[in-house]
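The values are calculated or read from the model by the stated rules, or taken from the named source; none is laboratory data. All figures in this text were calculated on a predicted structure; none of them were measured in a lab. Neighbour counts are summed over all protein chains in view; Cβ atoms, including those assigned to glycine, are modelled from backbone coordinates with ideal geometry.
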Amino acid sequence: MKCVVGMSGGVDSSTTAALMKEKGYEVVGCTFKMFESTKSRAAIDNARRVADYLQIDHEVLDCIAEFKKFVMDYFIESYEVGITPNPCVMCNKFIKFKYLDDFRIKYNADALATGHYVQLRKSGGRVELFQAAERKKDQSYFLYGVDREILKLAEFPLGGHSKIRTRELARRFGIHVAEQPESQDICFLAEGDYASFIKHYSARSFVVGDIVDIHGNIVGKHPGTINYTIGQRKGLGLSGGPFFVCGIDVDRNRVIISDKNGVGVDKILLEDVKFLNEEYLGNCEVKIRSISPKNPAKIVKNDGEYSVELESPEYGVASGQHCVFYAGEMLLGGGLIKAAIIKDSFA
């Protein structure tokens, strides 16, 4: 049997390649070249070195044009219009798994594998995704948009392991990146500085404007709307409070703030909803960001439009982010947040 493995040059994907080879697969490594930088070149070199050490074939796929279109341009354009993007969801949906599957077809391989921390179960024609054994490493949130037919051929060998165990396995295999530190930043940003990145590549100017309260009263100045996201509390430069960003009015160059009661949301309107298997309506739990706890909720469909009614308030719900549905540990699906409805009665 043959398996193609997405290799980023890090410990997770490198260990995945070693585990798939240990399982008896003929492994072919695939590394995506998604942008030009010192960081990207180092990652490719690490992946090649690991592939040589494991004695597996390895190729680098140039995805620069596609990554720019589906991830970087989307990221910039989202901030330009005042919404909050999630580039990792889009990358998994439009780049990583699509091109890894194309690579699988090229090599006539039986499976594809990545180093994502998520658990996969297959039964007949169904494929079910579950949260990783180590919750703080769980990446199921980022995979709800991946095509189900691709997932039927996928393997995620790290889903049942902790990060500590992964490093132990990497040491056992003798992989040189076993102790490589994790990166918490978006891959194409230098040290997580998204504002500088957008200012550099955007055709728009982000200039000083007003910070206003929900009644329209001017309470301060901001250096550009690009520096703010919905739910933000720190860096507002306002006395009193605490205050939170509850709106970004790009057209009027305004940042709108409120106290906590002004950002509590009890209903979320969705678009581009996708279910992993059959449509699910009714009680579930949802996550509005990858690091947030799950919140009991109900999925409702009305005239073809989906919404989520929350049992308790969520704060910092931003248009452009993703609301992902769960039944216990099992991923049901998710959708793009179109709008959030603030409930005045939250205490």
Per the filter on region 308-324, residues within 12 Å of LYS267 (Cβ to Cβ) and over 23 Å from the mean Cα position of the chain (by Cα) are GLU311
Those residues of region 47-86 that are free of Cβ contacts under 8 Å to residues at least 24 places away in the same chain and of a type in the set (Asp, Glu) come to a total of 3
Screening GLU279, GLU271, GLU305 for residues that are surrounded by fewer than 20 Cβ atoms within 10 Å (Cβ to Cβ) and over 23 Å from the mean Cα position of the chain (by Cα) leaves only GLU305
All conditions in (1) assigned to a loop (DSSP other than H, G, I, E, B); (2) surrounded by fewer than 21 Cβ atoms within 10 Å (Cβ to Cβ) are true of GLY115 except (2)
Residue count, region 15-56, condition touching a Phe, Trp or Tyr at 6+ places or on another chain (Cβ under 9 Å), of a type outside the set (Val, Ile, Thr) and over 21 Å from ASP101 (Cβ atoms), comes to 8
Turns out the helices (runs of 4 or more DSSP H) fully within region 1-89 with at least 1 residues that are within 17 Å of HIS176 (Cα to Cα), among the aromatic types (Phe, Trp, Tyr) and modelled with pLDDT of 95 or more are 38-54
Going through region 311-325 in order, the residues found to be surrounded by 23 or more Cβ atoms within 10 Å (Cβ to Cβ) and assigned to a strand (DSSP E or B) are GLU314, HIS322, CYS323, VAL324, PHE325
